[in-house]
Amino acid sequence: MTRVKKIKLELEEEIEFPIIGISSALGDHRLAWELNTHLSVGFQKASDTFSLPNKNKKMMSYEYYIYENEDDQSKFFLVKNKQQASVLFTQSEKLDFFLILRENYKFDIEYLINRLRELNGIVAVFPFTSCDFEFSEYLND
């Protein structure tokens, strides 16, 4: 009698996190400054870039701002949606920025959205989750 071989399947669970779409005429540096001033965060321009494939499957590099704080266990990213003649999130190409709350123990999402809507220079704010975007697996680090 032959033995049946057991195969163990391990699935990585994708962690869902909030992403806030922002429509604004402000530049990325000015928006980061506004967020730092009014939300008591500390966005700084990252020294590196991250790469994602565009709709033609060509790898594109994107600059971003990062706020990381071990005290309140927060890790946020601010990314301009349109860079180098490429759109980061093609599903929402009319939005100018995305605030990615990778680890968020600092803000209640509804409070943050309402606070963002009050800031000068921000026209509109839209809530999403990482599951709403086709490239969300690249944001899991």
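The values are calculated or read from the model by the stated rules, or taken from the named source; none is laboratory data. Computed from a predicted structure; not experimentally measured. Note that each Cβ is placed from the backbone with ideal geometry, even for glycine, and that neighbours are counted across all protein chains shown.
When His38 is tested against (1) at pLDDT below 80; (2) out of contact with any Phe, Trp or Tyr (no Cβ under 8 Å at 6 or more places or on another chain), exactly one condition is not met: (1).
Looking across region 84-110, the residues that are of a type in the set (Ser, Thr, Tyr) and either in a loop (DSSP other than H, G, I, E, B) or in contact with a strand residue (DSSP E or B) (Cβ under 9 Å, 6 or more places away or on another chain) (or both) come down to Ser86, Ser92, Tyr105.
Would region 53-75 turn up any residue that is at pLDDT 90 or above, buried (at least 16 other Cβ atoms within 10 Å of the Cβ), touching a helix residue (DSSP H, G or I) at 6+ places or on another chain (Cβ under 9 Å) and not in a loop (DSSP other than H, G, I, E, B)? Yes: one or more hits. Out of the residues in region 94-110 that are under 13 Å from Phe126 (Cα atoms) and more than 10 Å from the chain's Cα centre (by Cα), state the one that is surrounded by the fewest Cβ atoms within 10 Å (Cβ to Cβ). My answer is Glu110.
Ser86 meets the conditions (1) crowded, with 16+ Cβ neighbours inside 10 Å; (2) closer than 25 Å to Glu16 by Cβ; (3) at pLDDT below 90 in every case but one. The failed one is (2).
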